[in-house]
Amino acid sequence: IIDQAAPIGVFDSGLGGLTVLQALRERLPHERFVFLGDSARCPYGPREPKEVKAFVLQICSHLARRGCKMIIIACNTATAAGLPAAQQAFDIPIVGVVMPGARAAVHMTRNRRVGVIATEGTVQQGVYGEAIHHLDAGIKVIQKATPEFVSIAESGFEEMDEGTTQAAPFSLKEECQRVAQGYLAPLRAEGIDTLVLGCTHYPLIQELISQEMGPSVTLVSSAEETAREVRAILSRRDELRSPGEDDGVEVLITGDDATKFTRVAQKVLGITPPITKVMLDEVREEGEGTS
Ligand code: DGL
């Protein structure tokens, strides 16, 4: 028996998933959320899919043990590597971010030339090309791995100051802009009109990306479309939570970066959620019985 008051679990390798969490909160204001940021093992992008799949199963076990009624994999790399395995292993609904992002892009493109930027793991597994072509086989998809964007997002691009100091004799912001130009100029040259932010960290540096792409390219993130899908699932199953006293967000992290999570949560969610560290060993052990 499903408890409608049970929380929804959401996870990512790090901060990026908070952008998905915010879209979920907007669409589902009465729900409770448990967010897990696996920051001790971030980034996922360069890792072998097999390893990331094991992480996904461990974290899903952990969130299921906490009584979650549904789980959102708010990470494209983890969705690509572990969504099918997780859906096979658990009996609660598990939703990833790749199909929703693909759907939003298919709906939006007019010239049917769509770019996708993502981690190496996501690009290598080709999941966006597959998902987009599943919906519209006539769309040209140009995929590019842009892994350095994850570290730029993690280090807080928007807060970077323009100036140079003796300790850093170059402007970090300009350095990031150079990276962005190197990654994005070839995509611009392809004449795309829609760019999928195929990594949930990238909306955190949307400003940097849109500056480079210019106003004629629409940026699409999975967050909004994922939130619509989650709402539709809960509503069809009659599992939406009724307005209550204790809605809200709890954040769990596996690393030691609570200060960073607090800062980004304040910025993205506009609240200061309680943050608790969970031991990685605990999460690892829970995953053992699953696969
Ligand atoms: N946020 C993750 C994603 O959506 C990737 C970040 C990482 O490499 O860990 O793919």
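Numbers for the structure displayed
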| item | result |
| --- | --- |
| Cα gyration tensor, region 59-213 - rounded (a/c under 1.5), prolate or oblate | oblate |
| Three-way shape label, region 145-270, alpha-carbon gyration tensor, a/c 1.5 | oblate |
| Residue among T79, T254, T276 with the largest mean-square fluctuation in a Gaussian network model of the chain, springs linking Cα atoms under 10 Å | T276 |
| Ranking by accessible area, most exposed first, for H107, H30 with a 1.4 Å probe | H107, H30 |
| Within a Gaussian network of the chain (alpha carbon springs, distance under 10 Å), most fluctuating of A80, A232, A189 | A189 |
| Region 1-143: C-alpha gyration tensor shape, a/c 1.5 cut-off, then a/b vs b/c | prolate |
| From phi via Karplus (6.51, -1.76, 1.60), per-residue ³J(HN,Hα) for region 83-96 in Hz, x at Gly/Pro | 4, x, 5, 5, 5, 6, 8, 10, 9, 8, x, 10, 10, x |
| Per residue solvent-accessible surface (Å²) - the chain, probe of 1.4 Å | 44 Å² |
| DSSP loop trypsin sites (Lys or Arg not before Pro) with at most 15 other Cβ within 10 Å excluded, longest remaining stretch of the chain | 113-236 |
| Computed helical MRE - 222 nm, the chain, DSSP H runs ≥ 4 contributing -39500 (n - 2.57), nearest 500 | -14500 deg cm²/dmol |
| Unsatisfied cross-links (Cα-Cα over 25 Å) in the set K144/K277; K69/K277; K144/K267; K69/K144; K173/K277; K53/K144 | K144/K277; K144/K267; K69/K144; K173/K277 |
| Cut-off under 5 Å, modelled amide H: who pairs with I142 long-range | V114, G115, V116 |
| Angle between the chain longest axis and helix 17-27 axis [Cα atoms, degrees, rounded to 10] | 70 degrees |
| The chain: relative contact order as a whole-number percent, Cα under 8 Å and 6+ apart | 28 percent |
| Mean-position separation - Cα centroids, region 79-127 and region 11-43, in angstrom | 17 Å |
| Nearest-ten-degree value, helix 172-189 long axis tilted from longest Cα axis of the chain | 80 degrees |
| Highest-fluctuation residue, P100, P203, P46 considered, GNM on the chain with Cα pairs under 10 Å | P46 |
| Dipole of region 27-113, positive end: most advanced residue of M108, C68, F35 [Cβ charges, Cα centre] | M108 |
| Karplus (6.51, -1.76, 1.60) ³J(HN,Hα), θ = phi - 60°, over region 138-148, in Hz, Gly and Pro reported as x | x, 7, 8, 10, 10, 10, 9, 7, 10, x, 5 |
| The chain: angle of helix 98-108 to the longest principal axis, Cα-based, in degrees nearest 10 | 50 degrees |
| Accessible surface of the chain [probe 1.4 Å, protein heavy atoms]: carbon and sulfur percent | 48 percent |
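The values are calculated or read from the model by the stated rules, or taken from the named source; none is laboratory data. A quick note: this is a predicted structure, and the numbers were derived from the prediction, not measured. No Cβ is skipped: glycine too gets one built from the backbone with ideal geometry, and neighbour counts run over all protein chains shown. What goes into the accessible areas is simple: the full protein's heavy atoms, side chains included, and nothing from ligands, DNA or RNA. Shrake-Rupley method; radii C 1.70, N 1.55, O 1.52, S 1.80 Å.
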